[in-house]
Amino acid sequence: MKSLGSIRRSFAPWNDPTAKPYILFDGVTKRFGDFTAVDDLSLAIHEREFFALLGASGCGKSTLLRMLAGFEEPTAGRILLDGQDLRGIPPYRRPVNMMFQSYALFPHMTVEKNIAFGLKQEGMPAADIAKRVAEMLALTKLEPFARRKPHQLSGGQRQRVALARSLAKRPKVLLLDEPLGALDKKLREETQFELVDLQYELGLTFVVVTHDQEEAMTMADRIAIMDKGHICQVATPAEIYEAPSSRFVASFVGNVNMFEGRIVSRRGGTAEIAGPDGLSIRTDNAGEAAEGADVAFAIRPEKIRVSSQRPAETGFNAIEGEIFDLGYLGDMTVYHVRLADGRIVKASALNAARTSTDPLTWHDRAWISFAPDAGVVLTR
């Protein structure tokens, strides 16, 4: 059995028609004066899911999170959590907690006092607070730093303090607004996996807002791609990457080559596309596109082969060009190949061996080619 990409875990309640969503946005609209931040949006999130809202600045993702937290009220529509309509319920009475990008730690308090703050506000007995704080310190590996103040911690440690404080109240849902934005690249990559492991261990529902594609792809069970207050696609990371629903989604997530053309023949799921500059494309992923339709053929750079040798069969899925630019990144080499019409095609090759049997450099003539199942046809 083939699947799109690697599967992190078998958890997939969204594929069960009897499963009820834990969080439901039902026809939600949010306006600020004349500006519509979220426009008639419906979305279902399941219990124990790690869900990501991904989009550019201003797309409405943070507004959606703030409405779930109770900091904003919808102009229209409903937000339900475990079947309960949240309208009119203030933030402090909702079973959710929100962790902000700034962390908002109290600089004059120690780590343990920062974690305990919300529990004291709720009037929890001192013995129970001490026990809960100890649990959170152990969970986030902060025990050696319990007596330190925020300015004595690294960025990653401060991030974990904010996370521990958010989890201390044991919310049903944890909301994370750009939680790793303040960390450097290496620490951010490490923390992504830590968050995934922590969410799985706790069995909580996490909803994260981010504009970082890699962050969403690494952490989330499913991703909602947002644009101008609308949801463009909701799917697993592998489905978003390998089977985007539109040109926008394909272009927004990762690098992609887009060949505009027309379907000249179709049989079953296989179609032939007359592409640009004489390129004939044969694809096994024609989707719903009808014969004669104008479409885009989207293919990722790593699915394209680059060679100095002419492929054995060049009737389809192969065209000659010139190496316009290349970059050696250690684990892979990125090629920019210029076709006769000036179009630049991006390709990448994994450097699995230390030496190359087909070295290519600037201005070399080269062939690009790809398999029939390597790309996908887009009609939107």
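The values are calculated or read from the model by the stated rules, or taken from the named source; none is laboratory data. Fair warning: this is a prediction, and the values are worked out from it, not measured in the lab. With ideal geometry, Cβ positions are generated from the backbone for all residues, glycine too; neighbour counts draw on all protein chains shown.
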**OP:** Could you list all residues from region 199-219 that are out of contact with any Ser or Thr (no Cβ under 8 Å at 6 or more places or on another chain), crowded, with 19+ Cβ neighbours inside 10 Å and not hydroxyl-bearing (Ser, Thr, Tyr)?
**Re:** Gln199, Leu204, Phe206, Val207, Val208, Glu215, Met217, Met219
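For region 184-197, check the following and say yes or no: at least one residue is in contact with a strand residue (DSSP E or B) (Cβ under 9 Å, 6 or more places away or on another chain) and under 23 Å from Trp14 (Cβ atoms).
yes
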**OP:** Starting from region 362-380, keep only residues that are under 21 Å from Pro311 (Cβ atoms), then list their pairs with residues that are at pLDDT 95 or above and part of a loop (DSSP other than H, G, I, E, B) whose Cβ atoms are within a distance under 6 Å, requiring at least 6 positions of separation or different chains.
**Re:** Ile368/Ile304; Phe370/Ile304
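Each row is one residue, and each column tells you yes or no for (1) part of a helix (DSSP H, G or I); (2) over 26 Å from Thr36 (Cα atoms).
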| residue | (1), (2) |
| --- | --- |
| Leu176 | no, no |
| Leu180 | no, yes |
| Lys186 | yes, yes |
| Val207 | no, no |
| Pro244 | no, no |
| Phe259 | no, yes |
| Val264 | no, yes |
Subject >> 2 or more residues surrounded by 14 or more Cβ atoms within 10 Å (Cβ to Cβ) and of a type in the set (Lys, Arg): qualifying strands (runs of 3 or more DSSP E) within region 1-68 >> reply: 23-32
Original post:
So Met98 clears everything in (1) touching a His at 6+ places or on another chain (Cβ under 7 Å); (2) hydrophobic (A, V, I, L, M, F, W, C); (3) not in a loop (DSSP other than H, G, I, E, B) except one condition, right? Which one?
Top reply: (1)
Original post:
Within region 250-285, can you find the residues that are among the aliphatic types (A, V, I, L, M) and within 18 Å of Ser369 (Cα to Cα)?
Top reply: Val256, Met258, Ala271, Ile273, Ala274, Leu279, Ile281
**OP:** Considering every residue within region 100-113, establish whether at least one is surrounded by 12 or more Cβ atoms within 10 Å (Cβ to Cβ), at negative phi and free of Cβ contacts under 8 Å to residues at least 24 places away in the same chain.
**Re:** yes
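From Gly321, Gly342, Gly330, which residue is touching a Lys or Arg at 6+ places or on another chain (Cβ under 7 Å) and at pLDDT 90 or above?
Numbers: Gly342 fails: touching a Lys or Arg at 6+ places or on another chain (Cβ under 7 Å); Gly330 fails: touching a Lys or Arg at 6+ places or on another chain (Cβ under 7 Å).
Of the residues listed, the single one that is touching a Lys or Arg at 6+ places or on another chain (Cβ under 7 Å) and at pLDDT 90 or above is Gly321.
Of the residues that make up region 181-191, is at least one buried (at least 23 other Cβ atoms within 10 Å of the Cβ) and assigned by TED's automatic domain parsing to the domain that holds Gly83?
Going through region 181-191, the residues buried (at least 23 other Cβ atoms within 10 Å of the Cβ) turn out to be none.
So far as region 181-191 goes, no, none of its residues is buried (at least 23 other Cβ atoms within 10 Å of the Cβ) and assigned by TED's automatic domain parsing to the domain that holds Gly83.
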**OP:** Given the conditions (1) of a type outside the set (A, V, I, L, M); (2) more than 15 Å from Arg48 (Cα to Cα); (3) more than 17 Å from the chain's Cα centre (by Cα), report the number of the one that Asp177 does not fulfil.
**Re:** (3)
**OP:** Could you look through region 290-327, keep only residues that are without any contact (Cβ under 8 Å) to a residue 12 or more places away in the chain and among the small types (Gly, Ala, Ser), and pick out the one that is surrounded by the fewest Cβ atoms within 10 Å (Cβ to Cβ)?
**Re:** Ala312
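Please specify each residue of region 326-380 satisfying the condition of being over 30 Å from the mean Cα position of the chain (by Cα) and in a strand (DSSP E or B).
Residues satisfying the conditions are Arg338, Arg365, Ala366, Trp367.
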**OP:** Might you check whether a residue that is surrounded by 20 or more Cβ atoms within 10 Å (Cβ to Cβ), farther than 30 Å from Gly342 by Cα and touching a residue at least 40 places away in the same chain (Cβ under 8 Å) occurs anywhere in region 237-254?
**Re:** yes
